[in-house]
Amino acid sequence: MALYTSLTGLLAAQTDLSVISNNIANVNSTGFKRSRADFGDIITSSPLQSPLRAIGAGTALNGIFREFSQGSIEATPNALDMALSGEGFFVLRTDPSGGDLLYSRSGAFTRNVDGYIVDAGGNHLQGLPVNADGVTTATGIGNAFALQIPEFSGDANSTDLIQTTVTLPQ
């Protein structure tokens, strides 16, 4: 029994080091959220044993949990880079017309050759339809579509009238 108790402690230490190593390895990954391991005491007892005299029988992993605390937001020269403040994820699909749903905290996006906004893996950022005033007209993942920026958004028009108001110092 004592050997088993010691082995559970070694396995717990190994698991904790694995979680810490993963946190260190991803410290510079965009949108990465660190994890923590949560452990609990294994207590065995028999009906004839007093609960006050029960000796621990080792430790067990209760779970590995992501910590979604807010990280720092940094400005980048890429106009399509985005950041999430608070909880939430970017919704992506593997194909612009459907495909598997993916969720990411990484907001590093670019425009591909077809004009779709994609992440580094080529997954398509999803958006919801809006009206001319910018108000969302539909909600739910079933109404989401791949965001596409056209190469041209209309013909250029020259400015023909400028009105200004200027206050000059006295």
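Points worth noting:
- Residues of the range 1-38 satisfying the condition of being open to solvent by less than 40 Å² (accessible area, probe 1.4 Å) and in contact with a helix residue (DSSP H, G or I) (Cβ under 7 Å, 6 or more places away or on another chain): 35, 37
- Pairs, first open to solvent by 50 Å² or more (accessible area, probe 1.4 Å) in the range 58-81, second of a type in the set (S, T, N, Q), C-beta under 6 Å, six or more apart: 61/15; 64/35; 66/35
- Neighbours by Cβ (under 6 Å, 6+ apart or cross-chain): first from the range 149-168, within 30 Å of residue 115 (Cα to Cα); second at pLDDT 85 or above and assigned to a loop (DSSP other than H, G, I, E, B): 149/115; 150/115
- Meets criteria (open to solvent by 50 Å² or more (accessible area, probe 1.4 Å) and either part of a loop (DSSP other than H, G, I, E, B) or free of Cβ contacts under 8 Å to residues at least 12 places away in the same chain (or both)) for residue 121: yes
- Hits in the range 82-110 - residues which are surrounded by fewer than 16 Cβ atoms within 10 Å (Cβ to Cβ) and either on the phi > 0 side of the Ramachandran plot or more than 17 Å from the chain's Cα centre (by Cα) (or both): 86, 88, 95, 97, 98, 99, 110
The values are calculated or read from the model by the stated rules, or taken from the named source; none is laboratory data. Source: prediction; values computed, not measured. Every residue, glycine as well, gets a Cβ built from its backbone with ideal geometry; the counts of neighbours run over all protein chains shown. For the accessible areas, the whole protein counts, side chains as well, though only heavy atoms, and no ligand, DNA or RNA atoms are used. Shrake-Rupley method; radii C 1.70, N 1.55, O 1.52, S 1.80 Å.
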